[in-house]
Amino acid sequence: MKIHLEHVQPREMMPGYRGRLIHGENMTLAYWDVDQGAEVPEHEHLHEQIMHVLEGRFEFTVGGDKQIYEDGELVVIPPGVPHSGKALTPCRLMDVFSPVR
């Protein structure tokens, strides 16, 4: 199946986070446009997650370890580990989740 990302309608999943989600059989790929200052509250889930900062600066706390991620940097979040984040600038992010969300 061929998908053009620009044809996937973005949805505001939480304030300041507009996502385009593509679901496969075993994983979900999410592209986010994030407003500066938008936050993701601390949460955890059964999914393994890999976050890639495509553009911007994003403060991300994983298991109590707070770091700032910039263009081209990635972080792996194991299943069941609490994490939260905040966009320090406008950001474009990509998340991969497995299993599918």
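Quick notes on this structure:
- Restricted to region 42-53, and to residues there that are among the hydrophobic types (A, V, I, L, M, F, W, C) and either outside any loop (DSSP other than H, G, I, E, B) or in contact (Cβ under 8 Å) with a residue 60 or more places away in the chain (or both), the residue that is farthest from I77 (Cα to Cα) is V53.
- Identity of the residue in region 1-41, among the hydrophobic types (A, V, I, L, M, F, W, C), surrounded by fewer than 11 Cβ atoms within 10 Å (Cβ to Cβ) and assigned to a loop (DSSP other than H, G, I, E, B), that ends up modelled with the lowest pLDDT: M1
- Residues satisfying the stated conditions in region 52-74, i.e. in contact with a Phe, Trp or Tyr (Cβ under 7 Å, 6 or more places away or on another chain) and either surrounded by 13 or more Cβ atoms within 10 Å (Cβ to Cβ) or more than 17 Å from S84 (Cβ to Cβ) (or both): V53, F58, F60, Y69
- Set side by side, the residues Q36, Q67 differ, and just one is under 25 Å from E6 (Cβ atoms) and over 14 Å from the mean Cα position of the chain (by Cα), which is Q36.
- Residue in region 65-73 that is in contact with a Lys or Arg (Cβ under 7 Å, 6 or more places away or on another chain), free of Cβ contacts under 8 Å to residues at least 24 places away in the same chain and either among the hydrophobic types (A, V, I, L, M, F, W, C) or not in a strand (DSSP E or B) (or both) present: yes
- Check on A30, in contact with a strand residue (DSSP E or B) (Cβ under 8 Å, 6 or more places away or on another chain) and more than 20 Å from S98 (Cα to Cα): no
The values are calculated or read from the model by the stated rules, or taken from the named source; none is laboratory data. Bear in mind that the values here come from a model prediction, so they are computed numbers and not experimental data. FYI the Cβ positions are ideal-geometry reconstructions off the backbone, even for glycines, and counts take in every protein chain you see.
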